[in-house]
1. Taking amide H positions as placed 1.01 Å from N in the peptide plane, with prolines and chain starts having none, which residues 5 or more places from residue 229, or on another chain, fall under 5 Å of its amide H?
2. Counting only protein heavy atoms and a 1.4 Å probe, tell me what percentage of the chain's accessible area is made up of carbon and sulfur.
3. So what is the relative contact order of the chain, in percent, for Cα pairs below 8 Å that sit 6 or more residues apart?
4. Please tell me which of these pairs span more than 24 angstrom C-alpha to C-alpha: 148/264; 148/285; 264/304; 86/183?
5. For a quick check, take a GNM of the chain with Cα springs below 10 Å and name the residue from 241, 24, 101 with the largest mean-square fluctuation.
6. Measuring with a 1.4 Å probe in the full set of protein chains, what accessible area per residue, in whole Å², belongs to the chain?
7. Give me the extension gain from residue 253 to residue 28: residue separation times 0.36 nm, minus the current Cα-Cα distance, reported in nm with one decimal.
8. Order 47, 143, 260, most accessible first, counting only protein heavy atoms with a 1.4 angstrom probe.
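The values are calculated or read from the model by the stated rules, or taken from the named source; none is laboratory data. Values in this document were obtained by computation on a predicted structure and should not be read as measured data. Positions of Cβ are generated from backbone atoms using ideal geometry, with glycine treated the same way; all protein chains shown enter the neighbour counts. The accessibility values were calculated without ligands, DNA or RNA, using every heavy atom of the protein model including side chains. Shrake-Rupley method; radii C 1.70, N 1.55, O 1.52, S 1.80 Å.
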Amino acid sequence: MAVKVASEWLNSCSGCEISILDMGERLLEVLKVADFVHIPALMDHKYFGQQGDGTHLEIPQADVGLISGGIRNEEHLEVAREMRKKCQFIVALGTCATHGGIPALTNSYSNRQTLERCFATETTDANDFSPAESIPVFLDACYALDEKIEVDLYMPGCPPHPDHIFAALVALVEGELPELPGKSNCDTCPTAREGKGNLKQLRRFLQAPHYQSAAEPLDKMRCFLEQGILCMGPVTRAGCGGDERPPRCISARVPCRGCYGPVKPDGNQQLDMLNALASNGIDIKSLPEFTSLLRFSGAHQLLKPIPKQKEV
Ligand code: SF4
Ligand code: SF4
Ligand code: SF4
């Protein structure tokens, strides 16, 4: 009998769902053994009955529940709780779900500041306003999934690579726990490392890294960090290149920004990166700011409004 799978997107951009589709023809293999009973990105299934005549939010029973996105408002929370109630096994899919992702950068601000910045300060619309009606009420912060419901499997990535989504679904259908990469990006990066050298300061982001040409093999290009360019590879979980390829940004000659979250699920990319810099002899004061070290992992109360921004 096919394993029932339900999928939900909360504070999500839908990139994780695109990654499910990016399994390509392998999706057909999955569909032979898995029955998607609920996946709003692809199937029209209404929360309150197909005619809108239901009295409460309802998601079908499923063996596996995939949830992308963190929890930012009361609707997300209600849907997440319903998924937990209806699914035997919950997978936090993507870094927004596992660590807050980019949306958790909002945790550096109060709700009022966030709304003002989105709808008033930064808008080019002369009739600026802050929406107050007909939208779900904000929670006080952007939460990772496991801060509100129990999670059985963490699958970070922005988005997780289709190879790993496929492997995880196949394993779960067979009743096994999937094995996900537990290394750092540096462990899978082919760039040339020559040792610490005399580098003491980070270079400005605007300065391009040194390499001969786009045709130069990656193993001939010196590691970004050794060139003085901030690269989050040491503190970021490997896997973005899938089973075969090096980290995606490194392949494009761009430093890693940390989108797979910390190497260990409970790691702190900010602290770990400051340690990595210090242990390489780099003065951490040469970093222009520290918040962006938590660009993808600011949930779990790692990013908070600074005290003077707090409102009564
Ligand atoms: S993890 Fe990335 S791709 Fe997935 S929902 Fe969040 S921002 Fe989108
Ligand atoms: S710091 Fe960046 S460039 Fe250097 S080895 Fe790690 S991932 Fe590769
Ligand atoms: S190299 Fe880093 S930022 Fe780029 S896709 Fe991979 S984990 Fe994400």
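1. Here the answer is 203, since their amide H atoms fall under 5 Å of that of residue 229.
2. On the chain, the fraction of accessible area on carbon and sulfur atoms equals 53 percent.
3. Relative CO of the chain lands at 20 percent.
4. Beyond 24 Å: 148/285; 86/183.
5. The residue that fluctuates most here is 24.
6. Using a 1.4 Å probe on heavy atoms only, each residue of the chain averages 53 Å².
7. 77.6 nm
8. Per-residue accessible area, sorted high to low, gives 47, 143, 260.
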